[in-house]
Amino acid sequence: MIITNKRLLTIAQYISQNKKNQNIDVIDIGSDHAFLSIQLINQNIANYVLNVEIATEPMENGISNIKQYCTNPSLIDNVIYGSEKFYQLINRDFDTVTISGLGGNKIAELVVNYVQLFKKNKHNFNQFIVCMNNKVFYFRKYLFDNLPELKIKEETIIEENGYFYEILILSKENGIGANNELTQYFGPINLKKRTNLFYKMHNNRKQYIESHSLDQFNQKLKKELKLLYEVIK
Ligand SMILES: C[S@@+](CC[C@H](N)C(=O)[O-])C[C@H]1O[C@@H](n2cnc3c(N)ncnc32)[C@H](O)[C@@H]1O
């Protein structure tokens, strides 16, 4: 099976680039169709993936895809969050934790919960790679307020099917804390890189807000427009 999903391919590429050693283990939270785990095993990027799901239907769909498309299904485990098997399999070191395809508020909550779980079990991780559908501003602020030891090591923006997505790598070892509104909104690394896609994404947002009467909007959107005017001329 050839995976064409740009978000998942970019995440797989980041895992491959940041490998600290040859044998890396990954947890994919909200694995659904299991495409990321299949890519990681088929391309020899990871040597083990633990897929975590909250619902049985997507997990069974994932298991069926793994049986059909994975070159070595024995290298992937599938568990339901909170089950006995979940607590057994999570009780070890992992290189990377991935979470994608959920909202920024949910991903923020999950990152904090999983870091606490690692701490409680006295186990280690190298990095989190997250890609949220929305509320990246909220995510960066929540992370800085609740887990300042986890810094933003890399950020990238991708465009797929007319939507923009931000992918963030979080690390304890190096990176930047988003400690103010500007870096929380735009991303500390994005602000340094200022790619064409960065301007395209924020220009779209600026034009969207400008095309409506500000009277219709709440203070939150007025504040957002003020931030956009500071950076996107
Ligand atoms: C939209 S899918 C994203 C699938 C894939 N990660 C991607 O990016 O294409 C979100 C999945 O996350 C699962 N999910 C939601 N909350 C979760 C949680 N707390 N733990 C594990 N899985 C969760 C949902 O059941 C759903 O299958």
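Read-outs: derived from the displayed coordinates by stated rules, not from any lab. No experiment lies behind these values; they were computed from the predicted model shown. With ideal geometry, Cβ positions are generated from the backbone for all residues, glycine too; neighbour counts draw on all protein chains shown.
Kindly provide the set of residues from region 120-155 that are in contact (Cβ under 8 Å) with a residue 24 or more places away in the chain and in a loop (DSSP other than H, G, I, E, B), ordered by number.
As a first pass, look at region 120-155 and keep what is in contact (Cβ under 8 Å) with a residue 24 or more places away in the chain: 121, 123-144, 146-148, 150-155.
The answer is ASN121, HIS123, ASN124, ASN133, ASN134, LYS135, LEU147, PRO148, LEU150.
This table checks each residue for (1) without any contact (Cβ under 8 Å) to a residue 40 or more places away in the chain; (2) of a type in the set (D, E, K, R); (3) touching an Asp or Glu at 6+ places or on another chain (Cβ under 6 Å).
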position	(1), (2), (3)
ILE157	no, no, yes
GLY162	yes, no, no
GLY177	yes, no, no
ARG194	yes, yes, no
ILE232	yes, no, no
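Quick one: count up the residues across region 91-107 that are away from the ligand (no atom under 12 Å from the Cβ), in contact with a Phe, Trp or Tyr (Cβ under 9 Å, 6 or more places away or on another chain) and of a type outside the set (Gly, Ala, Ser). It would help to see each step written out before you state the result.
Step one: list which residues in region 91-107 are away from the ligand (no atom under 12 Å from the Cβ), which gives 91-96, 104.
Filter again for in contact with a Phe, Trp or Tyr (Cβ under 9 Å, 6 or more places away or on another chain), leaving 93-96, 104.
The next check asks that each one be of a type outside the set (Gly, Ala, Ser); those that pass are 93-96.
Summing the residues that are away from the ligand (no atom under 12 Å from the Cβ), in contact with a Phe, Trp or Tyr (Cβ under 9 Å, 6 or more places away or on another chain) and of a type outside the set (Gly, Ala, Ser) in region 91-107 gives 4.
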*Output the residue which, of all residues in region 174-215 that are closer than 13 Å to ILE157 by Cβ and of a type in the set (S, T, N, Q), is surrounded by the fewest Cβ atoms within 10 Å (Cβ to Cβ).*
ASN196
_I'm trying to understand the selection: among the residues of region 49-84, which are of a type in the set (Phe, Trp, Tyr) and near the ligand (Cβ under 9 Å from one of its atoms)?_
TYR81
_Looking at region 2-20, can you tell me whether even one residue there is closer than 21 Å to LYS172 by Cα, without any contact (Cβ under 8 Å) to a residue 12 or more places away in the chain, out of contact with any Lys or Arg (no Cβ under 9 Å at 6 or more places or on another chain) and more than 11 Å from the ligand (Cβ to nearest atom)?_
yes
_Restricting to region 27-48, count the residues that are within 12 Å of the ligand (Cβ to nearest atom) and either outside any helix (DSSP H, G or I) or within 16 Å of the chain's Cα centre (by Cα) (or both)._
11
*Going by the structure shown, is LEU117 crowded, with 21+ Cβ neighbours inside 10 Å, in a helix (DSSP H, G or I) and out of contact with any strand residue (DSSP E or B) (no Cβ under 6 Å at 6 or more places or on another chain)?*
no
*State which residue pairs qualify: first residue of a type in the set (S, T, N, Q) and inside region 31-43, second residue within 7 Å of the ligand (Cβ to nearest atom) in any location, beta carbons under 6 Å apart, and separation of 6 or more residues or different chains.*
SER31/GLU53; SER37/ASP28
